[in-house]
Amino acid sequence: MNNQNIFILGIESSCDDTSAAVLNRTQVMSNLIASQKIHSAFGGVVPELASRAHQQNIIPVVDQALKEAGIQKEQLNAVAFTRGPGLLGSLLVGISFAKAFAMGLHIPLIEVDHLQAHILSHFVNSETKTPPQFPFLCLTVSGGHTQIVLVRDYFDMEIVGQTIDDAAGETFDKAAKMMELPYPGGPAIGKLAALGNPEAFTFSKPNIPNFDYSFSGLKTSILYTLRDHLKEDSDFIEKNKPDICASVQKSIVDILMKQFMKAVQKYRVQDIAISGGVSANGALRDAVQTFGQKKGLNVHIPPFAFTTDNAAMIAVVGYLKFQKNLFTDQSAKPYSGQKI
Ligand code: KG4
Ligand code: ZN
């Protein structure tokens, strides 16, 4: 049974990336992403433009994913799609396509929660790597979400802490916008931060007793610091970009780590993981690795390809659900808010 081919097509269209992937069980055969450049001119994702770009991209991306995987669509066993959370218009494009494709091929349709998929991205290629052992704690950090999740089993998850305002990725993006860096801001800040001094500026940090997060105070603190310095020197940002970026990045990573370390202490797990777009950040990856090593934990850092939005993580959840016969009918509608 274990060596039997099970081909799953995954489709991800929750935000500004149109992605399609083909997996054979958990193993990636192709994983394509059409990133929508159109939003960078606006400093953030414009929902209506995102829907239209998804519509243009989806057929060529799926077609290419099948070609790269070297299979015919008739060989697929199921189609998995992101049902939510995300932008409703964008989700609708992926859902409509997935429904039609599954119906045409007479194969099961499988809905996937985007946040569960970020966590379960650690099980992509799990035949050739060691995935996390249950129970584990996962810090999911993306553009829309920041949460610490206790993962007892594939579909038995409990959020033990989450942001009460902005997400970590959003904070990177907003800080980048203040410095007129391109969207998405995380990668741009990460690159410049490598050249700067993380101690150059200090920003305010929240003090939250449980495992929740808040980034709005930090955001305001960055804004006021820049504003005050700009009053004295209009070239302040230009002259100090690497130091500002390094200090912003350090503040975000410190905030993320403080609550995550507390949660690990409380839940006494042996395995820890990070996921989501911000888990591509070098400073965060280093901090989690260092902490895990110090505590003798098994640390799971995702390959870069599975950090930001991708369809491989959707397809792997599709495979896990396929095994349990967890199928979706044609009446499925998208949802914008959090479900797990
Ligand atoms: O998971 P993701 O692709 O989409 C959502 O589900 O939101 O995450 C996107 C977020 C953006 O805010 C982006 O700035 C951030 O991930 N990001 C990074 C890095 N790469 C992407 N943040 C910090 N460092 C990076 N290298
Ligand atoms: Zn995401």
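The values are calculated or read from the model by the stated rules, or taken from the named source; none is laboratory data. Note that the structure is predicted; figures quoted are calculated from it, not measured. We place every Cβ from the backbone using ideal geometry, glycine too, and count neighbours over all the protein chains shown. Note: accessible area is taken over every heavy atom of the protein model, side chains too, but ligands, DNA and RNA are not part of it. Shrake-Rupley method; radii C 1.70, N 1.55, O 1.52, S 1.80 Å.
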Note to self: Could you sort the peptides 230-241, 111-122 by per-residue average Cβ neighbour count (10 Å cutoff), highest mean leading?
What the structure shows: 111-122, 230-241
Margin query: For the chain, give me the percentage of DSSP beta bridges that are antiparallel, rounded to the nearest 5 percent.
Written below: 60 percent
Next item on the list: Give a residue-ordered list of calculated ³J(HN,Hα) values for segment 222-229 (Karplus: 6.51 cos²θ - 1.76 cosθ + 1.60, θ = phi - 60°; whole Hz; x for Gly, Pro).
Entry: 5, 4, 5, 4, 5, 4, 5, 5
Notebook entry, point to check: What accessible area per residue, rounded to a whole number of Å², is obtained for the chain using a probe radius of 1.4 Å?
Noted result: 43 Å²
Item checked: Amide H contacts under 5 Å for Ser275, placed H, 5+ residues apart -> Leu139, Thr140, Val141
Check: By the scheme Lys and Arg +1, Asp and Glu -1, what is the net charge of all other residues having a beta-carbon under 15 Å from that of Gly43?
Finding: 0
Checklist line | the chain - Rg and Dmax from Cα coordinates, angstrom | finding: 20.3, 70
Check: What distance in nm separates the simple spin-label points at Glu232 and Gln4, each placed 7 Å from Cα in the Cβ direction?
Finding: 7.0 nm
Checklist line | Per-residue HN-Hα couplings for segment 321-337 [Karplus 6.51, -1.76, 1.60; θ = phi - 60°; Hz; x = Gly/Pro] | finding: 6, 4, 5, 9, 6, 8, 9, 10, 9, 5, 8, 4, 10, x, 10, 8, x
Margin query: Can you order the peptides 271-278, 16-23, 332-339 by their average number of other Cβ atoms within 10 Å per residue, highest first?
Written below: 16-23, 271-278, 332-339
Note to self: Counting only helical runs of four or more DSSP H residues, what would the 222 nm mean residue ellipticity of the chain come to if each run contributes -39,500 (n - 2.57) and the total is spread over all its residues?
What the structure shows: -14000 deg cm²/dmol
Checklist line | Partner lysines for Lys295 [C-alpha distance under 27 Å; skip if fewer than 8 residues away on the same chain] | finding: Lys129, Lys205, Lys250, Lys258, Lys262, Lys266
Checklist line | Share of carbon and sulfur in the accessible heavy-atom surface of segment 136-269 [1.4 Å probe, %] | finding: 51 percent
Check: Tell me, what ³J(HN,Hα) does each residue in segment 254-261 have, in order and in whole Hz, if you take phi through Karplus 6.51 cos²θ - 1.76 cosθ + 1.60 with θ = phi - 60° and put x for Gly and Pro?
Finding: 4, 4, 4, 5, 4, 6, 5, 5
Note to self: Give me, ordered by chain and number, the residues 5 or more places off Gly43 or on other chains with an amide H under 5 Å from its own placed amide H.
What the structure shows: Tyr183
